[in-house]
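Enquirer: Right, I'll just put the structure down here and ask away after.
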Number of protein chains: 2
Amino acid sequence: MFEVCLLGTGGMMPLPYRWLTSLMVRYNGSNILIDCGEGTQVALKEKGWSPKPIDLILFTHFHADHISGLPGMFLTMGNSERTEPVTIVGPKGVREVVESLLIIAPKLPFELEYIELDGDSQRIDFKDVHIDAFKVSHNVTCYGYSLSIDRAGRFDAEAAKKLNIPLKCWSKLQKGEVIEEDGVTYTPDMVMGPPRKGIKVTYTTDTRPCKNIPIFAKNSDLFICEGMYGEDESLDKAKEHRHMIFSEAATLAKEAEVQEMWLTHYSPSLFKPKEFLDNARKIFPKTYAAKDGMSADLVYEES
Amino acid sequence: MFEVCLLGTGGMMPLPYRWLTSLMVRYNGSNILIDCGEGTQVALKEKGWSPKPIDLILFTHFHADHISGLPGMFLTMGNSERTEPVTIVGPKGVREVVESLLIIAPKLPFELEYIELDGDSQRIDFKDVHIDAFKVSHNVTCYGYSLSIDRAGRFDAEAAKKLNIPLKCWSKLQKGEVIEEDGVTYTPDMVMGPPRKGIKVTYTTDTRPCKNIPIFAKNSDLFICEGMYGEDESLDKAKEHRHMIFSEAATLAKEAEVQEMWLTHYSPSLFKPKEFLDNARKIFPKTYAAKDGMSADLVYEES
């Protein structure tokens, strides 16, 4: 199960009943948070999830609405007795920014480890999750993130029987191990079919449309994209502030051939995003205007 | 009108439906905020007040639950087009702390001015409001604040007539001005009675009971005091974390002979503060367990 929850859907400032945009992903014991603005810890508590198991936090950029909740989140993680290290990923300078904020959260019971992004894109493997950070186009350095998990091929029991592979070796071969038993070497390719489609989620906010987005979002099961403004008439404002309108997000979703798109990071002046949904749906029908706490358990396409 | 609103009543961490403790005071065009934890800007918005006119922010201390909302508040003040300077008051080091946090709110359209507190107490006059900062007893340097306004004596119209003071001078004398008119000097003491009782509000959180509290809270119309734990059995825990139980706050209120006390800064584990109210009321009957957004318009006692 690959569980995602969009904890908030607001841009710029938290509002009563609309938290700032951030995403929580839970898979196989990994808890990954993307962005942590003011109030994210409250949104997480409303969802009923604990902050203690968060072991990786990815930052898109350093505008306050994406990071100002970090000191409070750290303290609450500390109060919940976390002692395992936490990895922080973000644009170059993330260590300096986080350490500046730690002036109000100075004594944490866990270590922090940093990965600073620099190039146009970077692959990070975190436990079983592949994370692709890719540069997008905002008024400061900003990254989008694509999170994916692999799925091994199907196990061919008939082949295993024909090759007389002892039963006790089967599960190890399924896990990709090479085994030597009674002088015979068994390798996974003897019994495993080609890798099957895994799961992929792509998240990008605070950006104009840019070439990296459809490249890295390609074939995502879920594409979470900023939609700062609903109406096409806001295009000039979107360009000025380096954000997007709904129809631009939809065009990216279509180009990336994703399964489904959730819009988020609404302007505080956008009271009812649903009213403008048709502007996106006429381009990419499977668009949803996300609400705070919207979540999904993503499952493999084929059984 | 001296308007006070306790924007939140929580300690340690913001919770769904309980913001972190902070107080907003509005008087004669001055907007004064005491503490600004994560979410204070949302609490202010829920109250329906704008952050733009905040011109003075007082910090009790630098634990994150009292200051982590500052970068977001500043950005929202900037977005509301504030350009006038903002004065920041807090324990020694407040400039360094605030400037560290500004790494995520770097380009504000207003200047910041700092007043760093150092001694056991300090008087600050801000427009028409007298502010007494007084050191309390927490595990880091922490101050309480007493805010008061003066009220001039009654204008004696009979005396003014007897002294043949021209009518056009009356309002100036009421404002405390000395006037020379046709070679005659008129001074306020000729027509003004002795100063009358003004209004006084005292606010203290994150402290054990200590001698400064009843001294500076003396005769307050409203005393807002921390009550981290409700039951007397939590005394040891309160001592350990340098906080108070309800009955200790009540003992201070009684000693300071205040008009009314509001309890605040509840532990996240204190779900229903009202259930423990009797522990305070048996000592100081006019105790209230404050809720988020609780407010009062304080008026002069005598007409």
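Quick note: the coordinates plus some simple rules give every number you see, no bench work behind them. Just so you know, these numbers come straight off a predicted model, no measurement behind them. Here Cβ is always computed from backbone atoms with ideal geometry, including for glycine, and neighbour counts include all displayed protein chains.
Enquirer: Give me log10 I(q)/I(0) at q = 0.11, 0.12, 0.13, 0.15 Å⁻¹ for the stretch B:196-299, Debye formula, one equal scatterer per alpha-carbon, no solvent.
Expert: The Debye formula, applied to the Cα set alone, gives -0.29, -0.34, -0.40, -0.54.
Enquirer: Now, a different point. Which Rg and Dmax, in Å, describe the Cα atoms of chain A?
Expert: 21.2, 73
Enquirer: Where in the stretch A:166-202 does the amide nitrogen come within less than 18 Å of the point 7 Å from the Cα of A:Asn219, taken along Cα to Cβ?
Expert: Zone members listed by number: A:193-202.
Enquirer: At A:Cys210, label 7 Å along Cα→Cβ: distances to the other copies, nm, ascending?
Expert: Sorted ascending, the copy-to-copy spacings read 5.0 nm.
Enquirer: Can you sort A:Thr207, B:Thr87 by how many other beta carbons sit within 10 Å, fewest first? Please list the in-between numbers first.
Expert: Working: A:Thr207 27, B:Thr87 17.
If I rank by nearby Cβ atoms, fewest first, I get B:Thr87, A:Thr207.
Enquirer: Distance in nm between label sites at B:Glu301 and B:Asn28, each 7 Å beyond Cα in the beta-carbon direction?
Expert: If labels sit at B:Glu301 and B:Asn28, their model points lie 2.0 nm apart.
Enquirer: Now, a different point. Which part of the stretch B:70-92 falls in the paramagnetic zone of B:Tyr114, meaning amide N under 11 Å from the point 7 Å along Cα-to-beta-carbon?
Expert: Zone members listed by number: B:88-92.
Enquirer: Tell me the distances, shortest first, between A:Glu180 and the same position across the other copies, using label points 7 Å along Cα→Cβ, in nm to one decimal.
Expert: Sorted ascending, the copy-to-copy spacings read 11.2 nm.
Enquirer: Right, something else. What does the average come to when, for each residue of peptide B:72-80, you count the partner chain Cβ atoms lying within 10 Å of its Cβ?
Expert: Average per residue, whole number: 4.
Enquirer: Rounded to two decimal places and with Rh computed the Kirkwood way over Cα pairs, what is Rg over Rh for the stretch B:153-194?
Expert: With Rg and the Kirkwood Rh in hand, the quotient comes to 0.91.
Enquirer: Within chain B, what's the longest stretch lacking trypsin sites (Lys or Arg not before Pro) that sit in DSSP loops with no more than 16 other Cβ atoms inside 10 Å?
Expert: B:1-91
Enquirer: Given 37 °C and 0.692 mPa s, compute D for the stretch A:98-182 with the Stokes-Einstein relation, Rh being the Kirkwood radius over Cα pairs; round to the nearest whole µm²/s.
Expert: Answer from the Stokes-Einstein relation: 185 µm²/s.
Enquirer: Which aspartates and glutamates, if any, have their Cα less than 18 Å from the Cα of A:Lys45, not counting same-chain residues under 8 positions apart?
Expert: A:Glu3, A:Asp35, A:Asp55, A:Glu81, A:Asp292, B:Glu38, B:Asp65
Enquirer: Looking only at the protein assembly as shown, where both bridge partners belong to it, what percent of the DSSP beta bridges are antiparallel (to the nearest 5)?
Expert: 60
Enquirer: I've got another one for you. Lys and Arg at +1, Asp and Glu at -1: add these up for the other residues within a Cβ distance under 12 Å of A:Ser100 and post the number.
Expert: Computed value for this residue: -3.
Enquirer: Also, I was wondering about something else. Compute the length gained on full extension between B:Asn79 and B:Met294: take 0.36 nm times their separation in residues and subtract their Cα-Cα distance, giving the result in nm to one decimal.
Expert: Details: separation 215, 0.36 × 215 = 77.40 nm, distance 2.68 nm.
Once the chain is fully extended between B:Asn79 and B:Met294, it gains 74.7 nm.
Enquirer: Note down the net charge around A:Asp156, summing +1 for each Lys or Arg and -1 for each Asp or Glu among other residues with Cβ under 14 Å from its Cβ.
Expert: Within the 14 Å Cβ shell, the charges total +2.
Enquirer: Among A:Ile57, A:Ile103, what is the fewest-to-most ranking by other Cβ atoms within 10 Å?
Expert: Ascending Cβ contact count within 10 Å gives the list A:Ile103, A:Ile57.
Enquirer: Among B:Glu81, B:Glu275, which comes first, then next, by fewest other beta-carbon atoms within 10 Å?
Expert: If I rank by nearby Cβ atoms, fewest first, I get B:Glu81, B:Glu275.
Enquirer: When the convex hull of the Cα atoms of the stretch A:1-157 is projected onto a plane and the area is averaged over all directions, what value comes out in nm²?
Expert: 10.6
Enquirer: For the stretch A:97-173, with the dipole built from +1 on Lys and Arg beta-carbon atoms and -1 on Asp and Glu ones, taken about the Cα centre, which of A:Cys142, A:Tyr114, A:Leu173 lies farthest toward the positive end?
Expert: Farthest along the dipole direction, towards plus: A:Leu173.
Enquirer: Give the distance, in whole Å, between the Cα centre of the stretch B:40-107 and the Cα centre of the stretch A:171-240.
Expert: 40
Enquirer: Report the FRET efficiency, 1/(1 + (r/R0)^6), for A:Asp278 and B:Glu231, where r is their Cβ-Cβ distance and R0 is 35 Å, rounded to 0.05.
Expert: After rounding to 0.05, the efficiency reads 0.05.
Enquirer: Hey, got the dipole for the stretch B:153-194? About the Cα centre, +1 on K and R Cβ, -1 on D and E Cβ, debye to the nearest 20?
Expert: Details: 6 positive and 7 negative charges, 38 e Å.
In debye, rounded to 20, the stretch B:153-194 gives about 180.
Enquirer: Can you list the HN-Hα couplings for the stretch B:24-37, worked out from phi with the Karplus curve (6.51, -1.76, 1.60; θ = phi - 60°), rounded to whole Hz and with x for Gly and Pro?
Expert: Calculated HN-Hα couplings, in order: 10, 10, 10, 8, 6, x, 8, 10, 10, 10, 10, 6, 8, x Hz.
Enquirer: Could you check the simple spin-label distance between B:Asn139 and A:Ser100, using points 7 Å along Cα→Cβ, in nm with one decimal?
Expert: 2.8
Enquirer: Skipping prolines and chain starts, which residues have an amide H placed within reach, meaning under 5 Å, of the one on A:Leu117, given they are 5 or more residues away or on another chain?
Expert: The list, which skips near neighbours in sequence, is A:Gly90, A:Lys92.
Enquirer: Return the Cα extents of the protein assembly as shown along principal axes one, two and three, sorted largest first, each rounded to a whole Å.
Expert: Largest first, the protein assembly as shown extends 121, 59, 36 Å along its Cα principal axes.
Enquirer: Turning to a different aspect of this structure: Ordered by residue, what ³J(HN,Hα) values in Hz, to whole numbers, does the stretch B:123-140 give under the Karplus form 6.51 cos²θ - 1.76 cosθ + 1.60, where θ = phi - 60° and Gly and Pro are x?
Expert: Calculated HN-Hα couplings, in order: 9, 10, 9, 10, 6, 8, 9, 8, 10, 9, 8, 9, 6, 10, 10, 10, 7, 9 Hz.
Enquirer: What FRET efficiency, computed as 1/(1 + (r/R0)^6) with R0 = 60 Å and r the Cβ-Cβ distance, is obtained for A:Phe155 and A:Lys239, rounded to the nearest 0.05?
Expert: Between A:Phe155 and A:Lys239 the formula returns 0.70.
Enquirer: One decimal, nm, shortest first: give the distances between the label point of A:Lys237 and those of the same position in the other copies, each label point 7 Å from Cα along Cα→Cβ.
Expert: 4.8
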